[in-house]
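A.B. asks: The structure's right below; bear with me while I get my questions together.
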Amino acid sequence: MLGALVASHAAATVLPIVPFPASVEAATGAPVRLATGARILVPRGDVSALRTARWLASLARQSRGLGLAPTTRGGASARVVLRRRAGPADSEAYDLTVAHGQIVISASSDAGLLYGAVTLWQLMSAEEGRGPVSLAPVHVADQPRFAWRGMLLDSARHFQSPGFIERALDWMALHKLNVLQWHLTDDQGWRLPIAGYPRLTGVGAWRIPASVGAPPRDPRTGRPPLYGGVYAPGEIRAIVAHARARNITIVPEIEMPGHAVAALLAYPELSAGPPPPRSVQSDWGILPYAYGVDEHVFAFLDQVLGQVIALFPSRIIAIGGDEVPLDIWKASPAVQARMKALGIADETGLQNYFIRRIEAYLAAHGRRAIGWEEILKGGPLPPGAIVASWQGAASALTAARAGHDVVIAIAPTLYFDNRQGVLPSEPPGRGTVVSLKNVYELDPGAPPLPAPGPVSAASPPAAAFSSADRAHILGLQGNMWSEHIRTDDRMAMMMFPRAAAVAEAGWTPQSERAWPDFLARMPAEFARFRSVGLAEDSSVFAVEIAAEPAGAAAARITLANQTGYGQIRYSLTGAEPDAASPVYSEPWSVPLPSRIAAASFDGSRRISPVVRESLDAQSIRRRVSQQLDLCPGGLPLGLEGSAPAGQPRAVMLVEVMNLCWMWRDVDLAGVRGVKLEVGAIPFNLQIGADLARIVRRPSTHSGMEMQVRLDGCEGELLTALPLGPARPGLSELSAALPPRPGRHSLCFAVAGDSTDPIWGLNAVQLVAGKGS
Ligand code: ACM
């Protein structure tokens, strides 16, 4: 049973609908059976309803193998009826009634019919299995809480295939998400062809990937292979049409005045200040280049936006506006002269001038601008401009008070480049854990504001959102920044299941939302993902196996999953755990060696991958970076090491500002040595003045080394292992350790002058001495 959400209704049944509807009432009567051959009736001539019926039929075929038949004839005998009702064409509301042998979906709009069909498909796939399905009588009356239920896809830092984007649009629509902000340009790539400016994509879409040492060369050309990609106009039109059919607006994003190096090196005359680099950078971060402010720059941007408007029907166009490197404008005589001529006092004022010019162009062409919260800087902006709040909800409040509509996109909670859990199997990404629960618990109607500081005239008490402020909140958006997301498969994992939490936060009334209920719907949701080819991240239910030495020839095992949901079952025979395997209840000891396999179950249904570990005296004294604590620093990243072509790349968790790892509370009795797996990672991050804040430790010799210290990173130096020259792949370093029996902390710290490459610690193996 679903608990609070439907417990108030008499015949409450499990309804794993995501996002949960505004209103669900159980009805009376016999269940309605759907089997192959059942017809879906759509109004004659209703092209949109027919398209939705066909999609429903294809989903039913994928997930249950059912052949439903869309038709425009024979009302009384149809099992599913899509019906138009009077009402606004832009409403997303629908009603779905399962009763009297029929399933009726009624809505005034294309979106409502689509969403009713999605809800029906979710009801049909509530239970895993193929073949006919019986639906309990129910009445759903549904509509969204927010108009903007979005995701941002960064196709500039890494390029996703058009096919992937269309699949991602389907997955979004299956969750009633309705905005894709498509980040098409940035420092590292320009992906959108613009007629008259062939170098934007000819040059600006291609870069030499970062490497440790000299880049590899293609033996056929003698040159480094380039990374990049361009979306052809035809592909864009197909993606836009696909999105439209799924009630998704694609909001294209063209970054300015910063985050534009790819364009600036294609057309250097657009650049303020120093000439841009000669080829597209593979560095992440804030690059110190910006557009100039001369009329020819605005003429160029008007050209670009004019073509963007022609390609994308969205009434809203994203213009970036974040992280403008104002120092570039400060240092440019041309920019300073123009600023004076315009009578503008400072660079922040100039930023406001720049954004207002662009906003005015869009407004004159019937479009609204959306920009990141920095567009609020330097002066007022016409209230039609929309603000995306990312550095915290204070900007949302400021924007709303100034009359702007707001999209909540705050970091880190809605920055889906952050990892979702702590397991070593997580793909690369930012190192802060943003779990499904973290995302779910964000209320976009009351995003967390900073705690009020001491009240003074200069700093008034931190306000809360009033109902007038809240009326400006359009909704929320999960952001798929892609610096660390190289592949389509990883993008899917970073998106889901968190996009489902975005969907429910954006759709379901806050009073109907509760984490335990949402979590209880996830097993059905994950099964549904698989039926549409979506391989989601497994952090929610994946089992973590922790093993510690326990006496001479045994290990103490602790099993857990992130959410504590369900039962963890295990086997010690090497067999896959099943519904009859023992259930884990508390830590216990196993003899060494042992093989353990474990998985989470929801009743008899397995809901996580099976994890396996071979436990022996060595393995229980080994830790990978994700199992160690990072030193404090502020920039934790899960980074891929380099590897020879075609070989897997280790993912190492590193604190870039302070390269050390702690293994706390480890029993050193009998430990005589250590083996470290280390790997070099290109330092392709531009962090500006923060570079000076990277903690550097003196090396005991002339090169870089990994130091092992006792009881903290300032503690006794046990050994220092020279790192040697950086090369692709992992290297193993070994050293003896002096005996230090008892429980201690070990610190593993990189020492030496250089910051490039970043040295990652992939794994630590403690080596026990003979006879210990
Ligand atoms: C941003 O993360 N710079 C919007």
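The values are calculated or read from the model by the stated rules, or taken from the named source; none is laboratory data. This is a predicted model, so every value here is computed, not measured. Reconstructed Cβ throughout: ideal geometry from the backbone, glycine too, with neighbour counts over all protein chains shown. Only protein heavy atoms, including side chains, enter the accessible area calculation; ligands, DNA and RNA are left aside. Shrake-Rupley method; radii C 1.70, N 1.55, O 1.52, S 1.80 Å.
A.B. asks: May I ask you to list the residues in segment 70-94 that are open to solvent by 40 Å² or more (accessible area, probe 1.4 Å) and either at pLDDT 95 or above or touching a Ser or Thr at 6+ places or on another chain (Cβ under 9 Å) (or both)?
C.D. replies: Residues satisfying the conditions are Pro70, Arg79, Arg83, Arg84, Arg85, Ala86, Gly87, Pro88, Ala89, Asp90.
A.B. asks: Do the conditions hold for Ala542, that is, is it of a type in the set (A, V, I, L, M, F, W, C), closer than 29 Å to Trp515 by Cβ, surrounded by fewer than 16 Cβ atoms within 10 Å (Cβ to Cβ) and at pLDDT 95 or above?
C.D. replies: Against the criterion (of a type in the set (A, V, I, L, M, F, W, C), closer than 29 Å to Trp515 by Cβ, surrounded by fewer than 16 Cβ atoms within 10 Å (Cβ to Cβ) and at pLDDT 95 or above), Ala542 does not qualify.
A.B. asks: What's the number of the condition Ala345 fails, among (1) of a type in the set (A, V, I, L, M); (2) open to solvent by less than 30 Å² (accessible area, probe 1.4 Å); (3) assigned to a loop (DSSP other than H, G, I, E, B); (4) away from the ligand (no atom under 16 Å from the Cβ)?
C.D. replies: Of the numbered conditions (1) of a type in the set (A, V, I, L, M); (2) open to solvent by less than 30 Å² (accessible area, probe 1.4 Å); (3) assigned to a loop (DSSP other than H, G, I, E, B); (4) away from the ligand (no atom under 16 Å from the Cβ), the odd one out for Ala345 is (2).
A.B. asks: Right, another one. Assess whether Gly101 counts as being on the phi > 0 side of the Ramachandran plot and in contact with a Ser or Thr (Cβ under 6 Å, 6 or more places away or on another chain).
C.D. replies: In short, no.
A.B. asks: Would you say Arg605 is more than 30 Å from Pro219 (Cβ to Cβ), of a type in the set (Lys, Arg), in contact (Cβ under 8 Å) with a residue 12 or more places away in the chain and in contact with a strand residue (DSSP E or B) (Cβ under 9 Å, 6 or more places away or on another chain)?
C.D. replies: Spelling it out, it is not the case that Arg605 is more than 30 Å from Pro219 (Cβ to Cβ), of a type in the set (Lys, Arg), in contact (Cβ under 8 Å) with a residue 12 or more places away in the chain and in contact with a strand residue (DSSP E or B) (Cβ under 9 Å, 6 or more places away or on another chain).
A.B. asks: Which members of segment 358-372 meet the condition of being within 16 Å of the ligand (Cβ to nearest atom) and aromatic (Phe, Trp, Tyr)?
C.D. replies: Trp372, the sole residue that qualifies.
A.B. asks: Identify, by number, the condition in (1) within 30 Å of Pro268 (Cα to Cα); (2) open to solvent by 10 Å² or more (accessible area, probe 1.4 Å) that Thr185 doesn't meet.
C.D. replies: Of everything listed in (1) within 30 Å of Pro268 (Cα to Cα); (2) open to solvent by 10 Å² or more (accessible area, probe 1.4 Å), Thr185 misses just condition (2).
A.B. asks: For segment 700-720, give me each residue that is crowded, with 19+ Cβ neighbours inside 10 Å and over 16 Å from Leu659 (Cβ atoms).
C.D. replies: Leu718, Thr719
A.B. asks: Looking at segment 309-318, which of its residues are away from the ligand (no atom under 12 Å from the Cβ) and of a type in the set (A, V, I, L, M)?
C.D. replies: Ile309, Ala310, Leu311, Ile316, Ile317
A.B. asks: For segment 548-568, what are the residues that are outside any strand (DSSP E or B) and either open to solvent by less than 50 Å² (accessible area, probe 1.4 Å) or at pLDDT 95 or above (or both)?
C.D. replies: Ala550, Gln562, Thr563, Gly564, Tyr565, Gly566
A.B. asks: Would you confirm whether any residue within segment 288-298 is assigned to a helix (DSSP H, G or I), free of Cβ contacts under 8 Å to residues at least 60 places away in the same chain and acidic (Asp, Glu)?
C.D. replies: Yes, there is a match, as at least one residue in segment 288-298 is assigned to a helix (DSSP H, G or I), free of Cβ contacts under 8 Å to residues at least 60 places away in the same chain and acidic (Asp, Glu).
A.B. asks: Looking for something open to solvent by 20 Å² or more (accessible area, probe 1.4 Å) and more than 20 Å from Cys747 (Cα to Cα) - is there at least one such residue anywhere in segment 671-683? Show your work before the answer.
C.D. replies: At the first step, the residues of segment 671-683 found to be open to solvent by 20 Å² or more (accessible area, probe 1.4 Å) are 672, 675, 677, 682-683.
Still in the running and more than 20 Å from Cys747 (Cα to Cα): 682-683.
Within segment 671-683, one or more residues are open to solvent by 20 Å² or more (accessible area, probe 1.4 Å) and more than 20 Å from Cys747 (Cα to Cα).
A.B. asks: If you don't mind, there's one more thing I want to ask. Hey, Trp171 hits all of (1) open to solvent by less than 10 Å² (accessible area, probe 1.4 Å); (2) assigned to a helix (DSSP H, G or I); (3) closer than 20 Å to Gly116 by Cα but one; which does it fall short on?
C.D. replies: (1)
A.B. asks: So how many residues does segment 311-333 have that are touching an Asp or Glu at 6+ places or on another chain (Cβ under 7 Å) and more than 30 Å from Thr249 (Cβ to Cβ)?
C.D. replies: 3
The rows are residues; the columns are (1) within 16 Å of the ligand (Cβ to nearest atom); (2) open to solvent by 10 Å² or more (accessible area, probe 1.4 Å); (3) hydrophobic (A, V, I, L, M, F, W, C); (4) under 15 Å from Val439 (Cβ atoms).
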| site | (1), (2), (3), (4) |
| --- | --- |
| Asn479 | yes, no, no, yes |
| Arg486 | no, yes, no, no |
| Met493 | no, yes, yes, yes |
| Phe526 | no, no, yes, no |
| Gly533 | no, yes, no, no |
| Ser538 | no, yes, no, no |
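A.B. asks: Has segment 569-582 got any residue that is in contact (Cβ under 8 Å) with a residue 60 or more places away in the chain, crowded, with 19+ Cβ neighbours inside 10 Å and of a type outside the set (Gly, Ala, Ser)?
C.D. replies: no
A.B. asks: Just checking, how many residues over segment 721-741 are open to solvent by less than 30 Å² (accessible area, probe 1.4 Å), modelled with pLDDT of 95 or more and small (Gly, Ala, Ser)?
C.D. replies: Here the count works out to 2.
A.B. asks: Could you list, in sequence order, all residues of segment 496-524 that are surrounded by fewer than 19 Cβ atoms within 10 Å (Cβ to Cβ) and of a type in the set (Phe, Trp, Tyr)?
C.D. replies: Within segment 496-524, just Trp515 meets the criteria.
A.B. asks: With respect to Leu135, determine if the residue is of a type outside the set (S, T, N, Q), out of contact with any Asp or Glu (no Cβ under 9 Å at 6 or more places or on another chain) and closer than 14 Å to Leu66 by Cα. Reasoning before the result, please.
C.D. replies: Values: of a type outside the set (S, T, N, Q): yes; out of contact with any Asp or Glu (no Cβ under 9 Å at 6 or more places or on another chain): yes; closer than 14 Å to Leu66 by Cα: no.
Here the answer is no, as Leu135 does not meet what is asked.
A.B. asks: Yes or no: segment 348-357 includes at least one residue that is of a type in the set (D, E, K, R), within 29 Å of Glu483 (Cα to Cα), away from the ligand (no atom under 16 Å from the Cβ) and open to solvent by 10 Å² or more (accessible area, probe 1.4 Å).
C.D. replies: Checked against the condition, which is being of a type in the set (D, E, K, R), within 29 Å of Glu483 (Cα to Cα), away from the ligand (no atom under 16 Å from the Cβ) and open to solvent by 10 Å² or more (accessible area, probe 1.4 Å), segment 348-357 yields no hits at all.
A.B. asks: Of all residues in segment 320-338, which are crowded, with 22+ Cβ neighbours inside 10 Å and within 12 Å of the ligand (Cβ to nearest atom)?
C.D. replies: Gly320, Gly321, Val324
A.B. asks: Also: Could you grab me the full set of residues in segment 373-395 that are within 14 Å of the ligand (Cβ to nearest atom), of a type in the set (Gly, Ala, Ser) and touching a residue at least 24 places away in the same chain (Cβ under 8 Å)?
C.D. replies: Those that are within 14 Å of the ligand (Cβ to nearest atom), of a type in the set (Gly, Ala, Ser) and touching a residue at least 24 places away in the same chain (Cβ under 8 Å): Ala388, Ser389, Gly392.
A.B. asks: Here is a follow-up. Would you tally the residues in segment 147-161 being surrounded by 22 or more Cβ atoms within 10 Å (Cβ to Cβ) and of a type in the set (Lys, Arg)?
C.D. replies: The number of residues fulfilling the criteria is 1.
A.B. asks: Next up: Which condition does Pro144 not pass, out of (1) modelled with pLDDT of 95 or more; (2) in a helix (DSSP H, G or I); (3) open to solvent by 20 Å² or more (accessible area, probe 1.4 Å), if it passes all the others?
C.D. replies: (2)
A.B. asks: Let me ask you something else. Is there any pair with a first residue in segment 320-331 that is free of Cβ contacts under 8 Å to residues at least 60 places away in the same chain and within 14 Å of Gly378 (Cα to Cα) and a second that is more than 10 Å from the ligand (Cβ to nearest atom) and open to solvent by 50 Å² or more (accessible area, probe 1.4 Å) whose Cβ atoms are under 7 Å apart and which are 6 or more apart or on different chains, and what are they?
C.D. replies: none
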